[in-house]
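I have placed the structure first, in the form of C-alpha cells, so that the comments after it can refer back to it.
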Amino acid sequence: MSEQATKIFGIDLGTAYSSIAHVDEHGKAQVIPNSDNQRVTPSVVFFDEGEIVVGDVAKENSKLYPNEVVSFVKRAMGEADFAFEYNGESFRAEEISSYIIKKVVQDAEQALNEKITDIVITCPAYFGINEREATQKTGEIAGYNVRQIINEPTAAAIAYGATQSDDPRIVLVYDLGGGTFDITMIEILPDSIEVICTGGDHNLGGKDWDDRIVAHLAQEFQNITGTDMDILEDADTCQDLQIAAEKAKKILGQRTKTPVVITHGGERVKVELTREKFEELTESLVERTIAFTHEMLEKAKEKGYSIFDEIILVGGATRMPQISSRISKDFSVTPKIFDPDEAVAKGAAIYGSKLSLNDELIKRIAKKTNIEIKEDSGVVEQAKVIELTPKKIVDEAVQEVAQVTGYSLPAVEESMRAIKDVTSKSFGVVVKNVGKQEEVYNLIQKNSHVPIDVTKQFFTGAELQETVLIRIMENDVYDQVVPLNHATEIGTAVLTLPPGLPKESPVQIFFKMNVEGRLQITAMESTESRTVEAAIKTRSVVQGEQLEEAKERCQSLVVY
Amino acid sequence: MTQQNFFQLLNLSVDPPEEDAKIIKAAIKKKQTAWSRFRNHPTKGIQAKRFLDLIPEIRKVMLDPVLRKEEARKAKRQQHVKDELKASEIDRHLAIYFTKGRVTDDEIKKLQTLHSVEVETILRRVIQKEKELASIPSSVPGTAKNSGTLEEKLVAIDKSLGIQMRKGYITNEEISSLAETYSISQDEIINRTTYPVRENNNPTDIEPKTIDKTIEKVINRNLKLLEKSSLYEFLDLPVNSGLESLKNRAEKLRAKAIAAGQKNAIVTASAELAGHCSTIFKSEKTRTAYDVSKALADLDALNTDIAAAEMEGVIRAEYFEALHKTATELGMGADEACSYIEAYCLDKNWVLKSKQKRRRQVRLYATAAASVFIVIAGTILMFQMLKHNRLKNEYQSVLAHVKNQTQLEKKRDLLSAYLDTHDQGKFTDKAEKKFERIQIKIKKRNAIDKRDYEKALKQATGFHEEKAYEKAGVIYKKYLKNHPQGHHVDAFKQKIAVIPGLIDDRDFQNLTLISPQDFEKRITAYNTYLTNHPEGKYRDQTEKMISDMSRDYYRYIARKIKINEKEKNWEECIRLCDSYLTFYKESDRAVDIEGERYFFQKQLDNSQLLEGLMQMASRVGRNNVKARQVYLDYLSANPDSPIKYEVKREIAKLDKRRSKYR
Ligand SMILES: Nc1ncnc2c1ncn2[C@@H]1O[C@H](COP(=O)(O)OP(=O)(O)O)[C@@H](O)[C@H]1O
C-alpha cells in the first residue's frame, strides 16, 4: 500500500461479539484475529483495578466479579440515563464501547504491525439518530477517525455481493445478532447495491434466547429443590447461568439435549435441557422476527418489489436450526447461511477500502481535469464527478491508482460500485393542526433513499410572533402526520423572527439527510431570510466537556 | 397507567416528605446505578429499563418543590391504598377465623408469617373486624345467582367456565348445571365458549397440559408491567374469541407498539406479549394449555385461604363456610367447591370437619329459584336466538362462498349482492367491513399491477432495443407469474407470442454480419442457426449459404491441413477433416477427405504408440541398459510394427549417449 492512500478498517461493534477486518494486498477482505488468535472478541468489559480488560478474559471474570463487568452495553447505546459506576466514577455506554474498539484495533495493529488511524463502524439498520451519533462518538473517544457509520445489513450485503457473480438480484438479509434483529431487502446490481426497505427490533437478539434458558433454569432449580427463592437475585449465580445458557444454546444447535449444572448456595442441581424444550421456550421470539419480515415485505411491495431471489442469514444467532427451518416454512426458500460472524466486519472493510480508493481516484481526476473538488465531498458527489468525467481520464486515473496502491484493476473498478441506503426512521417537526392540537408532520419518510433533501413551508400561528420553536422528531410511522406521543424528540432550534410579522407568515424548513443517515435542519423566515440551524443535540449522547473527559480518560487507560 | 410513586421508588421518607435536594439527588444517583446494573438482567432487565426511562421525569418532579409536594401527597394516598389491599387480604383470612366467633393467638401468629407483617398490624385489623361484625348482620350465603342482568350472569358464567378449565376441558354436566343455575339455555353457553367440551368427567385423566412455567412467568411479568391480568385482557378481546381474531389483534398491537418508535419498556413488553400471543393462540391445543394455566393460577387464592385455615392438621367446621364462599366466588359450583376443598385437604393430609346438612340445603335452594326463572326469561331469549341464528347461518354461507372465490372482484360482487338483499344489522355491518376491505385490496392490487406493468414495460423496451428478446420474455413472464389476473396479461401474452419470430430475424441477421473470410465461424454459425430454429423462416436461405461456400470451405480446409501436416500436428488435421465431413458429408470431395482422415489417424496412433514406449523406457530410470531392453523387447514382439524405424532410431540414440559418457 502506498503512503498517500489512508487505509480504512472496518469494525463490527456487536452486542455480544466484535471484530475488525481489512482488505488485504490481494484485494480480499480478511478478519484480523485478536491477541488470543480468535476472530471475534466478546464485547465484554472488565474494570480491573484501574485497568480495562476486554474480551474472553473479561467474560470469564464476569462470573467471579459480576459487579465489575459490563456486557451487552450496546443495548444501552444512546440511552441518556444508563450509567455504570465503578470506583465512584460513572461511565456511559459510549465510553465503555470505546474500550471494545480500542481493544480490537490494538490487537489488529499488533497482528499486522501497522498503525491504524481510520475506521468505519457498523450499526444496526434500525438504530435511530441518537444511537448512530453515540456510535460515532464511541469511535472518537477511542481516538480514531470515524470515516463513516454504515448499516450492518448493508455491510453484509456488500460482503455477499463481493463473493457472487454480477447477476442482478434481490436478497433479503435476515440479521439476528446478539442483541438486535434487522431485516432488510437489498437489490444487488452490477454497478450498485441498493437498500430497498428495512425494519427490525432493537431489543431482540441471541441474548433473549439465552434469557429464556436462564429463566427456565431458575425455575427448574425451584422445582427440584422445592424452594421458592429466586436464584437470579444473586449476581454470581445469574452471570454463571447466563454463560452456561449461551453455551447450552450453541450446543443445542448440534445435539438434541445437553446437561446444565446449576450451583447456588451450596446446592448443585443438574438439569437436562432438550432442544425441544428450548424451542418451546423461544418460539415466540422466532415468531417476532417472522412478523417483522412479513411487515417489511409488505412495505417493499408498496415500493413495487413483490418478489425476492434469496434470503441470506447473517449474525451468529442465525446458526440456531430453528431459524432456518422456520424461514423455509414461511417463505418456501432455503435460506443461505452466509459467513454469519464475519460478513459485517468484512463488508465494512470493503466499504472502507472503497472510500480510500475513491479518495485517491477523485484526487487524480481533479488534477487531470483541473476541477476543484471539496476535500470532504460525500460518496454521492464523488460518484457524480466520476460520471461526468470523460471515460478516458477515469480509466487513466484507475490505472494510476491501481499502480500506486498495488490493488488490481478490477478491485479499483469495483470501488466505483454505488451503494444506496435508506433511512430506517421517519423525521418531522412538531406543528399545530387546525384544531390547535400538536402533532408531528413528517418531512422524511421511513425507508426513503438517502441522501435526501426536503423543504416544506409552514406558517406562524400568532400575530407579532417573535420566535418559532422547531422541535425535530424521530418516529417509526409511514404516515405524513403522527400523534405527538408516537415520536421521540431528537433536537430543537429557535428561529427569531423580525418584528411586526402578521399571523400566518411563512417559515421554510429544510431537512437534509446525508448518506450516513445524519440529519441537518435549517429553518428560514421569508421576509428577511433569517435562518437558523437546528443542531441535533440531545442529552442521550455524550458531548461537550463530558466527551472530552471521556476521550482523555480513554487515552490514558490501558486496555487488555 | 398508574405508575409507581417516586418517593417509594427512591426509598425516600414520605412522612415527613424528604425535602433535601442533596439527599434526593444522591438517592436518584444510587438508583440509577442499581438500575443500570440490572439493565441486562435476564428476568428483571425490562423492569430496570422501565425505571431508567423514568429518570428524567423523576428528576423533574423530585427536584421541583411544587411537583414534589404533590408527589408526596400521592405517595401517602397510594401507601394507604396499598395498606388497604394488604388489609383486605388479612381480613379475608380473619373472616375465616371469625366464623367460630374469635381469633386465637396461634392464628394471629400464623397470619403474621403468612403476610410478613408486624403483630400490631394484625391486631389493629382484628379490632376493626370485631367492630364491623358487631354492626352488620351476617348475610345469607349462596343466594341470588339468578337475579341480576343478563350481562352480569354472562360474566359469572365466563368466570365459572374459566375455573373449570383447570382440568383441560369442560363437561356437558357442568354446562347443564350452569344453564340451570343461571336460567340460560345450554346452547347459549356452548356458543359463548371455545373450550373443549366432553361428555363426562373422567377420573383417570392424566394431568392436563399447561404452558411452560417459565413462559408463564415471562408472560405474567410483562402483563404486570402493563397492568393487565391476562392475554385476553391485553388484547382487549373476550375469552371466547376465535383464534384468528386473537392473532390478528396481537399482530396489530405489535405493529402499534413498534410504530410508537420509542425504545421504552412498555413498547418492549407489548412486543413481547404480542409474540407470545402468536404462539399461544397458534392452535386450540396451545390455547387450552394457556387457559388451564390461568385457571390454576386463579385457584392459588383459594389454596392460600385453605392453608390459612389449617391449624395443626385440622380445619374447623366453622371455617368451611368461608372457604366455600371463596371457592364459589372464584366461579365454582356449590358441590364442586365442596369437593375441591375436600380433595385439597385430603391431598395435604388435613382433616376437614364439615357439616353435611348445610351443603345440601344450599343446593336445593338454588335449584328451586332457577326453575322459576326459566319460565319467565327463557321464552324471550329463545325467540331472539332463533332469528339471530337464521341471519348468522345466511351470513356464514355467504362468507364460505366468498372464501371459495379466488378473484377479488367476484368476492366483492358476492358481498355486494348480500348487502343489497339484507336489512342492516349485526351481520350486514360485518359484511360491509369485509366489502370495504376487499375494495381496498382491489385498489391496492390494481396499483401494484399498474406499477409492475409499467416497470416491466420499461425494462422490456430496453431489452427490445438491445435485441435481447429472451430477456424481455423473462420480464413478461415474471409479470404474468406475479399477476396471473392482471390487466395487462393479454398484452404481454401477445408480446411473448411474437418473440420467437424476432429472435429468428435477429439470429439470421447476425449470420450476415460475420466476416466472409472467417469460414469456420461462418459454417458453425449457419449450423447453429439450423439447430436452434427447426422451424425458422430462413432455413432455406441458410442451407443455400452453406452449399454456396462448399468450394471455398474445401480450399480453406485443405490449406490448413497442409500446414498442420508439416508440423505433424495430427490431431488438428483430424479435427479439420471432421469439420468438413460434418458439414459436407454428401459432397464429392468427402471421399478424398475421408481417405486423408484415415491416414492421419494412423499417424496419430503411431506417434502415440512411440510416445508410450518412450515413457516406459524413461520410467526404468537412468539405466540405459534397461531402457534399451524395453525397445528391444518391443521389436522382437512386433517385428512388423509401423514404428520399427523410429524405435531403432531411439536405440541408436541411447547407444550414442552411452559411448559419450563411457
Ligand atoms: N453456534 C451458535 N448457535 C447459536 N447461537 C450462536 C452461535 N454462535 C453464536 N451465537 C449467538 O449469536 C449472537 C452473536 O452474534 P453476532 O453476529 O456476533 O452478534 P453481535 O454482532 O450483535 O454481537 C450471540 O447471542 C451468540 O450467542
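The numbers here are math on the coordinates, done by the rules we state, and not lab data. Bear in mind that the values here come from a model prediction, so they are computed numbers and not experimental data. FYI the Cβ positions are ideal-geometry reconstructions off the backbone, even for glycines, and counts take in every protein chain you see.
Worth pointing out:
- Approximate spin-label separation B:Gln629-A:Gln437, in nm, with each point projected 7 Å along Cα-to-Cβ: 10.8 nm
- Assigned charges on the beta-carbon of Lys, Arg, Asp, Glu; the protein assembly as shown dipole about Cα centre (debye): 2280 debye
- Cβ-Cβ FRET estimate between A:Gln543 and B:Val61, R0 fixed at 22 Å, reported to 0.05: 0.30
- Reach of A:Lys363 by Cα under 12 Å, taken over aspartates and glutamates that are not fewer than 8 positions away in the same chain: A:Glu372, A:Glu375, A:Asp376, A:Glu400
- Longest to shortest principal axis, alpha-carbon extents of the protein assembly as shown, angstrom: 137, 85, 72
- Restricting segment A:498-560 to trypsin sites (Lys or Arg not before Pro) in coil, as DSSP defines it, with at most 12 other Cβ within 10 Å: A:Lys503, A:Arg539
- For A:Lys63, a cut-off of 16 angstrom between C-alpha atoms picks up these lysines, skipping any fewer than 8 places away in its own chain: A:Lys247.
- Scattering curve values for segment B:6-135, log₁₀ I(q)/I(0), Debye with Cα scatterers, q = 0.14, 0.21 Å⁻¹: -0.79, -1.08
- Among the listed pairs B:Lys31/B:Lys228; B:Lys247/B:Lys434; B:Lys562/B:Lys585; A:Lys249/B:Lys252; B:Lys110/B:Lys159, those beyond 23 Å (Cα-Cα): B:Lys31/B:Lys228; A:Lys249/B:Lys252; B:Lys110/B:Lys159
- Dipole of chain B, positive end: most advanced residue of B:Ser13, B:Ala327, B:Gln112 [Cβ charges, Cα centre]: B:Ser13
- The reciprocal of the average 1/r between distinct C-alpha atoms defines the Kirkwood hydrodynamic radius, which for segment A:423-535 equals 14.3 Å.
- Of all lysines in the structure, the ones whose alpha carbon falls short of 21 Å from that of B:Lys493, not counting any fewer than 8 places away in one chain, are B:Lys450, B:Lys455, B:Lys458, B:Lys467, B:Lys471, B:Lys477, B:Lys478, B:Lys481.
- Rounded D (µm²/s) - segment A:157-200, Kirkwood Rh over Cα pairs, Stokes-Einstein at 37 °C, 0.692 mPa s: 299 µm²/s
- Cleavage-rule hits (GluC sites (Glu not before Pro)) in segment B:404-466: DSSP loop, at most 11 neighbouring Cβ within 10 angstrom: B:Glu466
- Centre separation in Å (Cα based) which lies between segment A:464-491 and segment A:337-352: 36 Å
- Rounded FRET efficiency, nearest 0.05, which uses the C-beta distance separating B:Gln439 from B:Asp490 and R0 of 25 Å: 0.50
- Isotropically averaged projected area of chain A, using the convex hull of Cα atoms (one quarter of hull area), nm²: 29.4 nm²
- Pairs exceeding a 24 Å alpha-carbon distance, out of A:Lys102/A:Lys137; B:Lys49/B:Lys285; A:Lys303/B:Lys411; B:Lys60/B:Lys256: B:Lys49/B:Lys285; A:Lys303/B:Lys411; B:Lys60/B:Lys256.
- Trypsin sites (Lys or Arg not before Pro) restricted to segment A:96-133 and DSSP loop, no more than 16 other C-beta within 10 Å: A:Lys115
- Rotationally averaged projected area of segment B:462-555 (alpha carbon convex hull; nm²): 7.0 nm²
- Across the cross-link table entries A:Lys299/A:Lys346; B:Lys410/B:Lys443; A:Lys354/A:Lys392, which are compared at the Cα atoms, the separations over 23 Å belong to A:Lys299/A:Lys346.
- Largest first, the extents of the alpha carbon coordinates of segment B:519-606 on the three principal axes equal 48, 21, 19 Å.
- Based on alpha-carbon atoms, the Kirkwood radius and the radius of gyration of chain B give Rg/Rh equal to 1.30.
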